[in-house]
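Working notes for the structure below.
The values are calculated or read from the model by the stated rules, or taken from the named source; none is laboratory data. Quick caveat: nothing in here was measured; it's all calculated off a predicted structure. Note that we place each Cβ from the backbone using ideal geometry, even for glycine, and neighbour counts take in every protein chain shown.
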Amino acid sequence: MLKLVSVSTYYGAIQALKGVSIHIKKGEIVTLIGANGAGKTTTLNTISGLLHPKKGQIFFQDMEITRFSPERIVSLGISQAPEGRQIFATMSVMDNLLLGSYHRYKRKTRRQIQQDMDVIFELFPVLKERIKQKAGTLSGGEQQMLAIGRAFMSRPKILLLDEPSMGLAPLVIKEIFSKIKALRDEGATILLVEQNAKAALNIADRGYVIETGKVVFQETTEKLKENKEVQRAYLGKGYKEVWE
Amino acid sequence: MSIFTKILQYIFTGLTIGSIFAMVGLGFNIIYNATDIINFAQGEFVMIGGMVMVSLTKGMNIPMIPAFFLTIIIVAIVGILLERLAINPLSNPSIITIIIITIGASIVFKGLAMLIWGKDTFILPAFTGETPINVGGAVIIPQSIWVLGITLLVVACLAVFFEKTLLGKAMRACATNRKAASLMGINVNRMVMLSFALSAAIGAVSGVIITPISLMDYHRGTMLAIKGFAAAILGGLGSGAGAVIAGFLIGIMESMGAGFISSGYKDAIALVVLLLVLFIKPTGLMGKSELR
C-alpha cells in the first residue's frame, strides 16, 4: 500500500536518512523502532511531504507521491499524528477534530464528518466529555488521544503515528496502544514509530529497526522479539546480571 | 465649554480616530498571527484605500457603494501581490529580513502613490451629511458614527470568521501550529496569502471611512502604521480584542493630549505609549504570557 524505495533525506548538508526502504500492506500495523535521532520522525515527515527526499521514491497505492505537497498527501489518504502531539492548544477539542477533517469538509460531507466524530468519541469517550474544553488543558494522555482522533478525522487509508507513548505513564500507554490495536481491528492500516519498542512490538504485525538513518532489521514482530540484538538494544534484556 | 463637555468632545474625537488605529492594529495582528511577520506596510493599505476610493468616486464617477467594495477588492489584490512578490519567494527568511522588506514595501507604495496621485491632499464627501449632532454639549459628526459603526461591524465579522468558520479556524490553526496545520491538509502558504488579503481589505475599509474626516495624502500611511502598531503592542501582539480596546484607548489619549496639553504633541503620544508598554509590560494588556 505504501512503499519507500531507498529514500534519502537531508537537513541541509546532514544526511538523516540513508536509503530507507520500507513497505506497509493494507490492514497491518507496522512499527519502526529505533533510538533517538535514528531517523524515525524524519521518515514519517518525508512520507507526509513536510520534507522532500533528495534521492529515492515513495509510492502510495502504486502512485508515486515523492514530491507531493503535505496537503495533497493528506487528501490522498495519508494522515499523521505527529511527535509531541502538536494539537492546536488554544482551540477546543471539537475544533481540533474538525480541522482534522479540513480537506474533505464541505456542506455535503458534514453528516459523515459528524458520524466519524462519533466513532472517535466511542473509541475515546473522554474526548466527548471534554468537547468544549481548550485542547491545551487536556492531560498528556488525552492530548495523545486527541492527536490520534484528529489524524483519524481525515479518513486516512493509512495512519502514521509518531511516538504516541511519549511522556505518558505506563497505564496510559497501555490504554492508548490497545486503542491503536482496536483501530487496526476495524480495518485501519498503521505505521507506528516508537522508541518504546516493547509496547510497539506487542501490538504490531511487523517491525523495522532503524539506526542512524538505515534500516538494520526487518522481521515479523515474533522474530524481532527473539532477535538477540533487538533484545539487548531495545528491550533491555540480557543485562540481568547487572540487576541481580 | 465646561470641562465635562470638553472631555466628552475629546472622547468622541478619540473614539473616531481610535477606530482607525484599532483597525490598523487588527491588520497587524491578522498577519502576525498567521505568519509571525510584522507588516509595516499596513498603514499604506489604509492610504491606498482612501486614494483608490477618491479616484473611483471622483475620477470615474462610480457610485459610492460599488466603489467602496471595488476599493476593498483592489487593495486586497495589492496585499496579495505584496505577499506573492516580496515575501513568498523567500525560503526561510529571518523575521528581521521580512520586517525590512515590509518597510521597503511601504516606501515603494508611498512613492507609487505620489506618482499616481501627486502630493495633493484629497477628501471624500461624508457618507450621510455634515450636520453635527449635539450630544451633552459636545458635537459628533455623522461620519464619526459611520466610522465607529463600521469598525465595530468589521470587528464582529472578524470574530465570527475566526470563531465560527472552518476557514477562520484553519487560519488560527496555522497561527498556533504551522506544522500540524500542514499535516491536517491545510495549505499554509495559501493561508498566509489570505491573511495579507484580509489585512489589506481591512486597511482599505478604514481608509475609505476615515478620509471624509481626516483627509488623505500619499504619506499619511506611515503615521497610521506606527499608531496602529502601538495599538497592537498595547493590546498585546496577536490579540484581536486587545488591539481594538488599545486602539480606542490610544485614540482617546491622543485627543485628550492634543486638547489639554498641545496639539503639537499629538503624534508623540502613541509613541510614548508604545515605548512605555515595551519597557513596562511587553506582553501588552491582553497578550499571551510568552513573547517570541
Any chance residue B:197 is part of a helix (DSSP H, G or I), touching a Phe, Trp or Tyr at 6+ places or on another chain (Cβ under 8 Å) and at pLDDT 90 or above: no
Residue in the stretch B:159-169 that is within 14 Å of another protein chain (Cβ to nearest Cβ), small (Gly, Ala, Ser) and assigned to a helix (DSSP H, G or I) present: yes
Conditions (1) in a loop (DSSP other than H, G, I, E, B); (2) touching an Asp or Glu at 6+ places or on another chain (Cβ under 8 Å): number failed by residue B:105: (1)
Pairs, first of a type in the set (Asp, Glu) in the stretch A:213-230, second in a strand (DSSP E or B) and surrounded by 13 or more Cβ atoms within 10 Å (Cβ to Cβ), C-beta under 8 Å, six or more apart: A:219/A:206; A:219/A:207; A:229/A:217
Filter result for residue B:186 (away from chain A (no Cβ under 14 Å) and among the β-branched types (Val, Ile, Thr)): no
Residue selected from the stretch A:56-72 under the condition away from every other protein chain (no Cβ under 14 Å), free of Cβ contacts under 8 Å to residues at least 60 places away in the same chain and among the polar types (S, T, N, Q), by the criterion surrounded by the most Cβ atoms within 10 Å (Cβ to Cβ): A:66
Boolean, residue A:76 is in contact (Cβ under 8 Å) with a residue 12 or more places away in the chain, touching a Gly at 6+ places or on another chain (Cβ under 7 Å) and surrounded by 18 or more Cβ atoms within 10 Å (Cβ to Cβ): no
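Which helices (runs of 4 or more DSSP H) sit wholly inside the stretch A:126-233 and have at least 1 residues that are within 15 Å of the chain's Cα centre (by Cα)?
Fully inside the stretch A:126-233 and qualifying: A:140-152, A:170-185, A:197-203.
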Checking residue A:75 against (1) in contact with a His (Cβ under 8 Å, 6 or more places away or on another chain); (2) over 13 Å from residue B:182 (Cα atoms); (3) within 10 Å of chain B (Cβ to nearest Cβ), the condition it does not meet: (2)
Candidate set from the stretch A:13-55 (those that are in contact with a helix residue (DSSP H, G or I) (Cβ under 9 Å, 6 or more places away or on another chain) and in a strand (DSSP E or B)); member that is surrounded by the fewest Cβ atoms within 10 Å (Cβ to Cβ): A:22
Pairs, first in contact (Cβ under 8 Å) with a residue 12 or more places away in the chain and closer than 15 Å to residue B:184 by Cα in the stretch A:126-153, second in a helix (DSSP H, G or I) and among the basic types (Lys, Arg), C-beta under 8 Å, six or more apart: A:148/A:179
Pair list, Cβ under 9 Å, 6 or more apart: the stretch B:240-266 residue over 24 Å from residue B:198 (Cα atoms), other residue assigned to a helix (DSSP H, G or I) and among the basic types (Lys, Arg): B:254/B:227; B:254/B:266; B:255/B:266; B:257/B:266; B:258/B:266; B:259/B:6; B:260/B:6
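For the condition part of a helix (DSSP H, G or I) and touching a Lys or Arg at 6+ places or on another chain (Cβ under 8 Å), what is the one hit in B:259, B:264? Write out each step before concluding.
Details: B:264 fails: touching a Lys or Arg at 6+ places or on another chain (Cβ under 8 Å).
Every option except B:259 fails the conditions.
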Index of the failed condition, residue A:172 passing every other in (1) modelled with pLDDT of 90 or more; (2) over 18 Å from residue A:4 (Cβ atoms); (3) of a type outside the set (S, T, N, Q); (4) buried (at least 19 other Cβ atoms within 10 Å of the Cβ): (4)
Some residue of the stretch B:139-147 being assigned to a loop (DSSP other than H, G, I, E, B), farther than 26 Å from residue A:88 by Cα and at pLDDT below 95: yes
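So that you can scan it fast, the table gives a plain yes or no per residue for (1) among the charged types (D, E, K, R); (2) more than 29 Å from residue A:113 (Cα to Cα); (3) at pLDDT 90 or above:
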site	(1), (2), (3)
A:153	no, no, yes
A:162	yes, no, yes
A:186	yes, no, no
A:192	no, no, yes
A:207	no, yes, yes
Those residues of the stretch A:79-103 which are without any contact (Cβ under 8 Å) to a residue 60 or more places away in the chain, more than 8 Å from chain B (Cβ to nearest Cβ) and not β-branched (Val, Ile, Thr), in sequence order: A:92, A:94, A:96, A:97, A:101
